[in-house]
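Below you'll find the structure, written out as C-alpha cells, and then a few comments.
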Amino acid sequence: MLAESLALSAVLFTIGVVGVLTRRNAIIIFMCVELMLNAVNLTFVAFSRFYGAEGQVFVVFVMTVAAAEAAVGLAIIIAIFRHRQTVSLQNINLLKG
Amino acid sequence: MQQHYPLFYTFHFYFFGVVAIASALAFVTRKSPVAAALWLVNTMFSLSAIFVLLDAQFIGVMQVLVYAGAIMVVFLFVIMLLNLGHPSEIADTRGKWPVFAASLIGIAMLSMIMSISRGRIAADFQVPVGFAAQQMEKYGAVGTVARPLFNEYLLAFELTSILLLVAIAGAVVLGRRKTADAR
C-alpha cells in the first residue's frame, strides 16, 4: 500500500499545483495550498506506517502550520478586499515587474 | 515489505482514493467558491478514511476536526463575510493557454514525483515489518504520536505555540479596521 499511497499523494499534490496556476480567486488558491499540504500529510502517514511513527508527529506540525497560515492568509485577504473591493489576482498586481 | 491485504482493506483503500481524486478534480474546476470549499471538505474526509486505513487513527480524527472542522469553516466564514459566494467574474479560471501550460507543468511534475517515489529507501531507515502496528498495540493510537512528540520533538512542539501566538496576533492586527485617528 506504500506505492499506492505515494501515487495518490502525488496526484493530489499535482491537482493542487494546477489549481494554484489556473485559478484567479485568491481564496481558491489558498484552498489549493491546503490541498497540497494534505497530500504531503498523506506521504508522511504512509511512510510512518512502514518506517516508524515519527511521520505522524510531523503531520501534527504541518496541521499547526496550516492553521496558522490560514488565519494570517485570510486576514491578509480581508485587508486586501477592504482596500480594493476584490480578491481576484488579476487586479492585485502591484508587485508585477 | 510484501504483505497480503484482505479484499475489504484493498477495496476501501481504492474506493476512498478514487473519491479523493474525483473530489479534488471537482474542487479545482468549480466556479463557485462555496461549492469548491465543500468539494475540498469531501477530499479531506476521504483522506481521513485513508489515514485510518494506514493505521493512523489519531491523525484521521485530527484531519476531520482541524482541517474539515476548523480551517475549512474559517474559509467559508471569509467567503460569507466578503460575500464572494456567487460564481461571478472573479471566480473564473485563466485563459486557454495558461490552463494548457499549467496542465503540462502538472503532468511533468506528476511524472517527476512518481519517479522519485519509486526510489529505494536506504537500509538505515528501514524498521522491521509491522513495527508501527506493534507500537500501536503497545501505546495505543494517541500514545504512538504523543511519545515522540513530547520526548524528541518537545522543543519543536513548544516553538509551535509561539508560532500560533504570532499568527493570532498577526491575524488580529491585519483584520482590524483602521480608525480615522489611527495614523
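Averaged over the residues of B:75-82, the number of partner chain Cβ atoms lying within 10 Å of the residue Cβ comes to 5. Between the helical axis of A:2-22 and the dominant principal axis of chain A, each derived from Cα atoms, what acute angle in degrees is found, rounded to the nearest 10? Once rounded, one gets 10 degrees. With a 10 Å cut-off between alpha carbons and a GNM built on chain B, which of B:Met44, B:Met112, B:Met62 moves the most? For chain B, modelled as a Gaussian network with Cα springs under 10 Å, the answer is B:Met112.
Nearest 10 degrees is fine. How inclined is helix B:96-117 to the longest principal axis of chain B, computing both from alpha carbons? Around 20 degrees separate the two axes.
3J(HN,Hα) along segment A:26-41: 4, 5, 5, 5, 4, 5, 5, 4, 4, 4, 5, 4, 5, 4, 5, 4 Hz, from the Karplus curve 6.51 cos²θ - 1.76 cosθ + 1.60 with θ = phi - 60°, whole Hz, x for Gly and Pro. Building the convex hull from the alpha-carbon atoms of chain A and averaging its projection over directions returns 7.1 nm².
Calculate I(q)/I(0) for chain B by the Debye formula, one identical point scatterer on each C-alpha and no solvent, and give its log10 at q = 0.12, 0.16 Å⁻¹ to two decimals. For chain B at q = 0.12, 0.16 Å⁻¹, log10 I(q)/I(0) is -0.94, -1.36. The mean of 1/r over all distinct Cα pairs in segment B:129-177, once inverted, gives the Kirkwood hydrodynamic radius of 13.2 Å.
Remark on the protein assembly as shown: hydrodynamic radius 20.1 angstrom, per the Kirkwood mean of 1/r across alpha carbon pairs. The angle between the Cα long axis of helix B:33-53 and the main principal axis of chain B comes to about 10°, on a 0 to 90 degree scale. A simple rule links phi to the HN-Hα coupling: the Karplus curve 6.51 cos²θ - 1.76 cosθ + 1.60 with θ = phi - 60°, which for segment A:74-79 gives 5, 5, 5, 4, 5, 4 Hz, with x for Gly and Pro. The string of couplings for segment B:60-68 from the Karplus curve (6.51, -1.76, 1.60, θ = phi - 60°) is x, 5, 4, 4, 5, 5, 7, 6, 6 Hz, one whole number per residue in order, with x for Gly and Pro.
Mean separation of Cα pairs under 8 Å and 6 or more residues apart, divided by the residue count, gives chain B a relative contact order of 17 percent.
Taken together, the values in this text are just the output of simple stated rules run on the coordinates, not laboratory data. All values derive from a computational prediction rather than experimental measurement. Here Cβ is always computed from backbone atoms with ideal geometry, including for glycine, and neighbour counts include all displayed protein chains.
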